[in-house]
1. Rg and Dmax of the range 46-174, using alpha carbons, in Å: what are they?
2. Could you tell me the number of lysine pairs in the range 51-119 with C-alpha atoms less than 23 Å from each other, where the two lysines are 8 or more residues apart or belong to different chains?
3. Full extension from THR166 to TRP81: what is 0.36 nm times the residue separation minus their Cα-Cα distance, to one decimal in nm?
4. What aspartates and glutamates could a cross-link reach from LYS120, if we take a straight Cα to Cα line under 19 Å and drop same-chain neighbours fewer than 8 places away?
5. Using a 7 Å offset from the Cα along the Cα-to-Cβ direction at both ALA44 and TYR152, what is the distance between the two label points in nm, to one decimal?
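All of the numbers you see were taken from the coordinates with simple rules; none came from a lab. Bear in mind that the values here come from a model prediction, so they are computed numbers and not experimental data. Cβ atoms come from the backbone with ideal geometry, glycine included; neighbour counts cover every protein chain shown.
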Amino acid sequence: MSAQGLRWASRSSFFSFARQVCAVVACLVVTSAIANVTLADKPAGSENWNGEKIGWLSYDAALKASKKNGKPVVIVFHAEWCPHCRTYRKAFYAPEIMSLSGAVNFAMVNIDEEPRLNSKYALDGGYIPRTMVVNAKGVVQTRLRNKARNSYQYFIEPGSPDALMTLLLRTLDAG
């Protein structure tokens, strides 16, 4: 092959290689952007609450999703140090809870990281765990509280998924 032919062959190889590099870089940029959006929407610690199956969202992401999909938002207020919260999170591994997880938008709020939200939704106290149903505008659906209790009406018994299941079914019936 002539010197001219080698130059064209090497240029062609170079441009082919450059296109491949650009394609890989573009894929990495897109993947990174998608991952950042997804990670920003997932609250820290959600992996301890069966995050893979439940699909926990941050408060803002859950309200945004509710505006798009029309599903109610179930907010769980918790703290990492709370022993009742650690017990309560086991309920989210129950098959009956996982089966309904797609019917609502679950939001998780760590009261230590988001004290403003904790205060805003402390209708009958700032106790935890506290589970509330809100609409897409963030308005609490007070008819979906535990009316049998005189106090702590948004407290779900952490030992069993039954009370949480009851709340989810009532939420879906309220439509």
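1. Cα only, the range 46-174: 13.1, 35 Å (Rg, Dmax).
2. Close lysine pairs found across the range 51-119: 5.
3. Answer, rounded to one decimal: 28.0 nm.
4. Here the aspartates and glutamates satisfying the reach criterion relative to LYS120 are ASP60, ASP112.
5. 2.7 nm
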